[in-house]
Amino acid sequence: MNKLLITGASGFLGWHLCQIAQTQWQVYGITNSKTINIPNIHLFKTDLTDIQALKNLFQEIKPDAVIHTAAQSQPNFCQQYPEISYQINVIASLEIANLCAELDIPCVFTSTDLVFNGLNAPYKESDPGSPISYYGEQKVLAEQGMLERYPQTTICRMPLMFGDVPDHATSFIQPFIQTLKAGKELNLFVDEFRTPVNGSTAAKGLLLALETTQGILHLGGKERISRYEFGLLMADILDLPKHLIKPCYQADIKMLAPRPPDVSLDSSKAFNLGYQPQYIREELQQLILFAHVKIS
């Protein structure tokens, strides 16, 4: 089997990717801050900002393809510590593009819907980046720089993701669930819209992109939904107290990083390639059906 190198293997998306990719690839994963075990995956603990260590690892593994999911993806952290987050979000990403170019191998990079300002949704791949946070800005710089260094790179812009999690990671729904199960109120935005997708579906989309396309690809879900609407739907399916979910507005909660109002993605290009997310209700029901989602 050919060798696939996945950065960020201990993260939410990287973990899902490792689970699914191992049926088709010999998978090597890079972790940074966490020492973990993923069955059947060859794991290496490496600081991606250590360029020489990264080069040595590429020379040791000699991958046939790379999917780069590692990032400092917390917008508030990036806003507070832009120099630190720039090292992993931009510098390390450009070096990975250089290394993939030297080996002439497929390279997929996970970007974000937060490269947009949220004023002209739904966004197509051809729409120019217009970030309003340092995180979005860093992802735009990484996109541009990687494509300049290695035009064969595939840039996959990812939406908000939810789903099954290992003990060392989380998606945005786990804190929601914990809050409601504790009997506490949960304030969710009625004026922030995304196109969420299940983590395993997103991982399948990345593997599809690796095999089929280059350039920019959007891997959003089928539905545009607010966080408030999502919370009510999730509570309904998980039989959690919906009356504890309270509507609020972005302006009500002060955060370090500005938040765009609507970064819904038009993913019709990916749909035409065979990317097949389900409707949100169906994806949540599947998680419960197979007892995958942690609700405690």
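Tabulated values for the structure
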| quantity | calculated |
| --- | --- |
| Hey, LYS254 free of Cβ contacts under 8 Å to residues at least 24 places away in the same chain and more than 18 Å from the chain's Cα centre (by Cα) or not | yes |
| Cβ-Cβ under 8 Å pairs, at least 6 apart or on other chains, the stretch 31-44 side assigned to a loop (DSSP other than H, G, I, E, B), far side open to solvent by 40 Å² or more (accessible area, probe 1.4 Å) and of a type in the set (Ser, Thr, Tyr) | none |
| The stretch 142-182 - residue that is surrounded by 18 or more Cβ atoms within 10 Å (Cβ to Cβ) and among the basic types (Lys, Arg) and, of those, farthest from CYS18 (Cα to Cα) | ARG149 |
| Inter-residue pairs, beta-carbon under 9 Å, first over 22 Å from ASP262 (Cβ atoms) and open to solvent by 20 Å² or more (accessible area, probe 1.4 Å) and in the stretch 192-204, second among the small types (Gly, Ala, Ser) and assigned to a helix (DSSP H, G or I), 6+ apart | none |
| The one condition in (1) out of contact with any Leu (no Cβ under 6 Å at 6 or more places or on another chain); (2) open to solvent by less than 10 Å² (accessible area, probe 1.4 Å); (3) outside any helix (DSSP H, G or I) that LYS139 fails to fulfil | (3) |
| Subset of the stretch 213-266 that is of a type in the set (Ser, Thr, Tyr) and open to solvent by less than 70 Å² (accessible area, probe 1.4 Å) - its residue that is farthest from ARG149 (Cα to Cα) | TYR228 |
| Check on ASN117, over 25 Å from ILE91 (Cβ atoms) and either in contact (Cβ under 8 Å) with a residue 12 or more places away in the chain or open to solvent by 10 Å² or more (accessible area, probe 1.4 Å) (or both) | no |
| Any hit, the stretch 218-238, residues being over 21 Å from ASN272 (Cβ atoms), in a helix (DSSP H, G or I) and among the small types (Gly, Ala, Ser) | yes |
| Residues of the stretch 45-73 that turn out to be in a loop (DSSP other than H, G, I, E, B), at pLDDT below 95 and among the basic types (Lys, Arg), as a count | 0 |
| Complete set of residues in the stretch 159-206 that are within 11 Å of the chain's Cα centre (by Cα) and either assigned to a loop (DSSP other than H, G, I, E, B) or among the basic types (Lys, Arg) (or both) | PRO159, LEU160, SER171, PRO196 |
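The values are calculated or read from the model by the stated rules, or taken from the named source; none is laboratory data. Worth saying up front: this structure is predicted, and the values here are computed from it rather than measured. Using ideal geometry, Cβ is built from the backbone for each residue, glycine included, and neighbour counts are taken over all protein chains shown. These area figures cover heavy atoms from the full protein model, side chains too; ligands, DNA and RNA do not enter into them. Shrake-Rupley method; radii C 1.70, N 1.55, O 1.52, S 1.80 Å.
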